[in-house]
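Scroll down for the structure; my scribbles are underneath it.
The values are calculated or read from the model by the stated rules, or taken from the named source; none is laboratory data. Since we're looking at a predicted model, the values are computed, not measured. Backbone-built Cβ (ideal geometry, glycine too); neighbour counts: all protein chains shown. Heads up: the accessible areas ignore ligands, DNA and RNA and are worked out on the full protein's heavy atoms, side chains in. Shrake-Rupley method; radii C 1.70, N 1.55, O 1.52, S 1.80 Å.
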Protein chains: 2
Amino acid sequence: MALSEYFPIFDKLTAEQQALLLSHATKRTVPAGTLLHNGDETCMGILVIREGQLRAYLTSDEGREITLYRLFSRDICLFSASCVMNSIQFEIAITAEKETEFWIIPPYIYKNLVDNSLIFSNYTNQLMATRFTDVMWLMEQIQWKSFDKRLAHFLLEECSIEGTTVLKITHEKIAAHLGTAREVVTRMLKYFQAEGMVLLTRGAIEILDEEKLEELE
Amino acid sequence: MALSEYFPIFDKLTAEQQALLLSHATKRTVPAGTLLHNGDETCMGILVIREGQLRAYLTSDEGREITLYRLFSRDICLFSASCVMNSIQFEIAITAEKETEFWIIPPYIYKNLVDNSLIFSNYTNQLMATRFTDVMWLMEQIQWKSFDKRLAHFLLEECSIEGTTVLKITHEKIAAHLGTAREVVTRMLKYFQAEGMVLLTRGAIEILDEEKLEELE
């Protein structure tokens, strides 16, 4: 499968623009754990994900983290080109959570296309609005939802992403996703266990009562 | 002063697009307290602010609030046209905090321009990125900053907006800006008073030690 199949507006671009994209896009595969973007330090360009999973997150000065959103197959990562987007004045980090295969559209090609193609500009708009929506959802969660609901939602989402009810994830990692301390996660998981919703084993969390977690959520 | 002077990209539009804008834009003045946008219930269009102050905020199901950003003279309010922006899947409210005079560009005119003008599309992009930056700043504040710092920042910002060190604002209103309960605001303000930073009087907060508040911030 080629880039043209994964880039939604490809068919709507001019032949010249299509050629520009295809001649400058490079394909890359990175192992899980690779830091792909870190604020202004890096500027790879737009990433078109063929297969895999990326995580976009905020980090504090003290090294705390919170997940903003995740990207999967056929998603487009826009903010890895933030260096050529003057009005984006915030810094996020992007890491591969799984082995990920993607095409890179270099920043100057992105800039060229967005400056010259109405289709491309409107598509950028749409992508940004989608990520904005993700972040606003998170804002509402942080602001109005209690932590038990957020944790229940996270566990159910992980089950859905991984296609299993046995999650191999540390309390530390969950804390980094949800922007809290490990102790807070451990305490709530123990409460979930006491209520019969999960079973905690070494290095794994087994979901026992999905329905009860959903009710909580 | 005409709309053309307040709309930054006006000179870059075609004569036809300029005529379209001018013939469909209407001017309106609303008193302080007017609710201009409330999620999907309203769809005025793009607002170009001539004079005044708007507040964009989130509301919870329980009626709690948190301010996302404010708009002033020469700012453009984009999300009051969210009905024609398909990828915007969140609902915010927008209220006039002061008497505000603005031009309204109807949603179908906005849609026409964004669909046909590269300049307009890129400008929309830039506006959205700016608001996205505002929201990400807020997210970092909520997530990593303690409440004393957020309150100190808010008081200093209000002084700067109002051009005074005597703020006529209720603890209730501050709570709605910062997304917390009134009691939390009152408690922290009393602490600020005990530390000699502010003086609390009936219906007003006087800033006594700006420097100390800045240090806190």
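Here are a few things to note about the model shown:
- Selection status of B:Thr165, open to solvent by less than 60 Å² (accessible area, probe 1.4 Å), touching a Cys at 6+ places or on another chain (Cβ under 8 Å) and not aliphatic (A, V, I, L, M): yes
- Some residue of region B:40-61 being in contact with a helix residue (DSSP H, G or I) (Cβ under 8 Å, 6 or more places away or on another chain), touching a residue at least 12 places away in the same chain (Cβ under 8 Å) and in a helix (DSSP H, G or I): yes
- Tally of residues being surrounded by fewer than 19 Cβ atoms within 10 Å (Cβ to Cβ) and modelled with pLDDT of 95 or more across region B:30-49: 6
- Listed by first and then second residue, the pairs with beta-carbon distance under 7 Å, at least 6 apart or on different chains, first residue in region A:66-88 and within 12 Å of another protein chain (Cβ to nearest Cβ) and part of a loop (DSSP other than H, G, I, E, B), second among the aliphatic types (A, V, I, L, M) and open to solvent by 10 Å² or more (accessible area, probe 1.4 Å), are A:Leu78/A:Leu127.
- Some residue of region B:7-20 being farther than 26 Å from A:Tyr123 by Cα, open to solvent by 20 Å² or more (accessible area, probe 1.4 Å) and not aliphatic (A, V, I, L, M): no
- Enumeration of residues in region A:93-138 that are of a type in the set (Val, Ile, Thr) and more than 8 Å from chain B (Cβ to nearest Cβ): A:Ile94, A:Thr95, A:Thr100, A:Ile104, A:Ile105, A:Ile109, A:Ile119
- Residues (assigned to a loop (DSSP other than H, G, I, E, B) and within 13 Å of chain B (Cβ to nearest Cβ)) located in region A:139-165: A:Lys145, A:Ser146
- Residues that are part of a loop (DSSP other than H, G, I, E, B) and among the acidic types (Asp, Glu) within region B:190-217 comprise B:Glu195, B:Asp209, B:Glu217, listed in sequence order.
- Qualifying residue in region B:177-193 (condition: small (Gly, Ala, Ser) and away from every other protein chain (no Cβ under 13 Å)): no
- In region A:12-24, the condition of being in contact (Cβ under 8 Å) with a residue 60 or more places away in the chain and under 15 Å from the mean Cα position of the chain (by Cα) is met by no residue.
- Every pair of residues 6+ apart whose Cβ atoms lie under 9 Å, when the first sits in region A:188-216 and is over 13 Å from A:Ile169 (Cα atoms) while the second is hydroxyl-bearing (Ser, Thr, Tyr) and exposed (fewer than 14 other Cβ atoms within 10 Å of the Cβ): A:Met197/A:Tyr191
- Restricting attention to region A:168-206, the residues that are more than 24 Å from the chain's Cα centre (by Cα) and open to solvent by 30 Å² or more (accessible area, probe 1.4 Å) add up to 13.
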